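The values are calculated or read from the model by the stated rules, or taken from the named source; none is laboratory data. Just so it is clear, the model here is predicted, and its values are computed rather than measured. FYI the Cβ positions are ideal-geometry reconstructions off the backbone, even for glycines, and counts take in every protein chain you see.
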Amino acid sequence: MSRTVVRGGLVITAAEETHADVLIENGRIAALAASDSPAATGWTAGADRVLDATGRYVIPGGVDAHTHMELPFGGTAASDTFESGTRAAAWGGTTTIIDFAVQSQGAALRAGLDTWHAKADGQCAIDYAFHMIVSDVNDATLREMDGLVAEGLTSFKLFMAYPGVFYSDDGQILRAMQQAGGNGGLIMMHAENGLAIDVLVQQALARGDTDPRFHGEVRKALLEAEATHRAIRLAQVAGAPLYVVHVSAREAAAELARARAEELPVFGETCPQYLFLSTDNLAEPGFEGAKYVCSTPLRPKEHQAALWRALRRDDLQVVSTDHCPFCFAGQKELGRGDFSKIPNGLPGVENRMDLLHQAVVDGHLSRRRWIELACAAPARMFGLYPKKGTLAPGADADLVIYDPHAEQTVSAATHHMNVDYSAYEGRRLTGRVQTVLSRGEPVITDREFTGRAGHGAYTPRGTCQYLH
Ligand code: URP
Ligand code: ZN
Ligand code: ZN
C-alpha cells in the first residue's frame, strides 16, 4: 500500500474551507482530519511521502470539460497533442480533461471515437474522457448514441455554426435532443446562427474588411443569443436537458438565465478568454488580432460584467477553456488577408485555474465558487463526481497544492503548451500551482514535472448529475 500525507494546508472544496491534513492511500483520498488532531498526527508515521502545504491551499485538481487536443480544424490541426496538452494542463493544476472525439461526415460515431482513443492512448499525463462531436445526425448515429451513453460517453456536441463542416439543421438537432432525452445523454450546443454568419462573412470580405477584428464583427452577439434561444426551445420541445458551450455574449447568458428561471434543465459554460479578453485584443495592430480569433468570438469589454454576474448567480455553471491552440506562425497566418481562414481557437488549458484564482483576488468570485466552477461543477455536469472534482474519502487523489501568494507573469516563453504565443502574454497573476497529484502520483512536484505520458487513464463517465 502507498501512503501520502498532505499536511497543514487550507483545504478548499466547493462546499467548505477547513484547515485539514489529507491522507491518501493507493491513489484515493482515505481521510481528512483537522491539522494537528491526534488522528492526523498519527498518519505521518509509516507514510511513504509527506507533503508540507503550510500556508498553501489544498484544492481538488481542475476538471477542464472542453479541450481539443490535435483537432483537425480550419485546414490545419490544433498544435497540442494529448501528450503536450495534458502535461501543460497538469502544470496549470488541471488533472482531468474532457476532450471531443469527432464523427467524420458519413462515418460512424464509433469510428471517430476509435480514432480519438488511438490519439490519446498511452500519451496522457492526467486522466481524460471524451464527449462526441456529432456532425452527421441520421438514423444510424442516433442509435449509436444509446450504446455510447451506456458505456460512459454521455455527452454529444452539436453545432448551429460552421455550415458544411460540423453544422446540424434544426430538424437534426431536434432528433438528437429527443434521443438524448430518452437515453440520459446531454446535448452540448455551439450556439451561433452559422447560416446568417456566413452571409455576413461574405459581405464583409466583398467590402474588403479582411482583418481579424471583422471576425468579431460578423459573429454578432444577437446571432449567438438567437441560436441560444432556439436551442433552448428545441430542447424544451424534445424534453431534453441542454448545455450551451463557450457562452460569450451577455444576451446569450440572459437567454440561459430566463430559461433557468422557468426551471428548464438548461446549463452553460463560459471560458477565461471571454472573462479576461475582449474585442480590443481582436483589434490589435497588424495581424496580431488573429491570436484571439475563436468562436464564439471575443466580445466588447462590457459583456464581461454580465458573464461574471451569471457565474456568481449560477446562470452559468462551468468555466472550461475550449483549449484549441494554433501557432501564430504558419497556422493563424493562414488567414492573412482573409479573416475567415484564420483557424478558430485559443490556447488556455494551462491558464484556467490561475486566471480564476485571479478572479478571486479581484473580488469576482469567492474561493469556493472558484473550486465549484473549475472542479466540482464540471465533474457533476459530466458524470464524474465525486471521483473527480472534490477532496473527500473515496475520491481519486487528484489534488493541487496551490500557493495563493506567489506572483507570476504569464508568457509563451515559460508556458508548457505547444503554441508560440500566449493569449495572456505579460499578464501578472497572484497565485500559482506548486504541486499536483494525479491519483496520488506526483505529476508536478514543487514546480518540476515529475509525471509521465501514459499515467493518465481513460475515464468513462456517468450521466449529468444535475438531473437526478
Ligand atoms: O474557436 C473555437 N471555439 N474552436 C474550437 C471549436 C469549437 O467550436 O469549440
Ligand atoms: Zn464550439
Ligand atoms: Zn470547442
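Just one of the listed residues (Leu384, Leu346) is over 20 Å from Tyr57 (Cβ atoms), within 16 Å of ligand 1 (Cβ to nearest atom) and of a type in the set (A, V, I, L, M), and it is Leu346. Looking across Ala204, Ala180, one residue alone is out of contact with any Leu (no Cβ under 6 Å at 6 or more places or on another chain) and either free of Cβ contacts under 8 Å to residues at least 12 places away in the same chain or closer than 30 Å to Asp314 by Cβ (or both). It is Ala180.
So that you can scan it fast, the table gives a plain yes or no per residue for (1) away from ligand 1 (no atom under 16 Å from the Cβ); (2) closer than 25 Å to Gly85 by Cβ:
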| position | (1), (2) |
| --- | --- |
| Tyr128 | yes, yes |
| Val137 | yes, no |
| Glu144 | yes, no |
| Leu148 | yes, yes |
| Phe156 | no, yes |
| Met160 | no, no |
| Asp170 | yes, no |
| Gly194 | no, no |
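Among the residues of region 132-156, the ones that are buried (at least 24 other Cβ atoms within 10 Å of the Cβ) and within 16 Å of ligand 2 (Cβ to nearest atom) come to 4 in all.
For region 51-97, a residue qualifies if it is closer than 21 Å to Arg369 by Cβ and surrounded by fewer than 24 Cβ atoms within 10 Å (Cβ to Cβ), and the qualifying residues are Arg56, Tyr57.
Residues are listed down the side, and each one gets a yes or a no for (1) touching a helix residue (DSSP H, G or I) at 6+ places or on another chain (Cβ under 6 Å); (2) part of a loop (DSSP other than H, G, I, E, B); (3) in contact (Cβ under 8 Å) with a residue 24 or more places away in the chain; (4) within 16 Å of ligand 2 (Cβ to nearest atom):
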residue	(1), (2), (3), (4)
His19	no, no, no, no
Ala30	no, no, yes, no
Ala39	no, no, no, no
Ala47	no, yes, yes, no
Leu51	no, no, yes, no
Val58	no, no, yes, no
Ala65	yes, no, yes, yes
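To keep it simple, each residue is scored yes or no on (1) closer than 23 Å to Gln331 by Cβ; (2) out of contact with any helix residue (DSSP H, G or I) (no Cβ under 8 Å at 6 or more places or on another chain); (3) without any contact (Cβ under 8 Å) to a residue 60 or more places away in the chain; (4) within 16 Å of ligand 2 (Cβ to nearest atom).
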{"position": "Thr44", "(1), (2), (3), (4)": "no, yes, yes, no"}
{"position": "Phe73", "(1), (2), (3), (4)": "yes, yes, no, yes"}
{"position": "Ser84", "(1), (2), (3), (4)": "yes, yes, no, no"}
{"position": "Ala89", "(1), (2), (3), (4)": "yes, yes, no, no"}
{"position": "Ile98", "(1), (2), (3), (4)": "no, no, no, yes"}
{"position": "Leu113", "(1), (2), (3), (4)": "no, no, yes, no"}
{"position": "Ala120", "(1), (2), (3), (4)": "yes, no, no, no"}
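With respect to (1) more than 16 Å from ligand 2 (Cβ to nearest atom); (2) modelled with pLDDT of 95 or more, the lone exception for Gly106 is condition (2). Looking at this structure, is Gly426 free of Cβ contacts under 8 Å to residues at least 40 places away in the same chain and either part of a loop (DSSP other than H, G, I, E, B) or under 23 Å from Ile59 (Cα atoms) (or both)? Criteria met by Gly426.
Of all the strands (runs of 3 or more DSSP E) wholly in region 162-279, which have at least 3 residues that are within 16 Å of ligand 3 (Cβ to nearest atom), modelled with pLDDT of 95 or more and farther than 24 Å from Asp139 by Cβ?
Ranges flagged: 266-270.
Here Ala78 meets each of (1) farther than 22 Å from Glu441 by Cβ; (2) more than 16 Å from ligand 1 (Cβ to nearest atom); (3) within 28 Å of the chain's Cα centre (by Cα) with one exception, condition (2). Of everything in region 305-332 that is touching a Phe, Trp or Tyr at 6+ places or on another chain (Cβ under 7 Å) and assigned to a helix (DSSP H, G or I), the residue that is nearest to Arg250 (Cα to Cα) is Leu307.
Looking at the structure I just gave you, is Phe287 within 15 Å of ligand 2 (Cβ to nearest atom) and of a type in the set (Phe, Trp, Tyr)? Taking the combined requirement at face value, the residue does not satisfy it.
Among the residues of region 98-135, write down those that are over 23 Å from His190 (Cβ atoms) and part of a strand (DSSP E or B). If the condition is that a residue be over 23 Å from His190 (Cβ atoms) and part of a strand (DSSP E or B), then Asp127 is the only one that fits. For region 233-246, the candidate set comprises residues that are more than 16 Å from Leu467 (Cβ to Cβ) and away from ligand 1 (no atom under 14 Å from the Cβ); within that set, the residue that is surrounded by the fewest Cβ atoms within 10 Å (Cβ to Cβ) is Val237. Answer yes or no: is there a residue in region 103-112 that is out of contact with any Pro (no Cβ under 6 Å at 6 or more places or on another chain) and under 21 Å from Ile59 (Cβ atoms). No; the residues of region 103-112 include none that is out of contact with any Pro (no Cβ under 6 Å at 6 or more places or on another chain) and under 21 Å from Ile59 (Cβ atoms). Filter region 324-343 for residues that are surrounded by 19 or more Cβ atoms within 10 Å (Cβ to Cβ) and either touching a His at 6+ places or on another chain (Cβ under 8 Å) or on the phi > 0 side of the Ramachandran plot (or both) and give the result. Across region 324-343, the qualifying residues are Cys324, Phe339, Ile342.
Closer than 24 Å to Cys271 by Cβ, more than 16 Å from ligand 3 (Cβ to nearest atom) and at pLDDT 95 or above - does that describe any residue in region 140-154?
yes
For Phe214, state whether it is among the aromatic types (Phe, Trp, Tyr), over 19 Å from Leu113 (Cβ atoms) and crowded, with 19+ Cβ neighbours inside 10 Å. Answer is yes for this residue. In region 247-265, the qualifying residues are those that are crowded, with 24+ Cβ neighbours inside 10 Å and not hydroxyl-bearing (Ser, Thr, Tyr), and the one that is nearest to ligand 1 (Cβ to nearest atom) is Val247.
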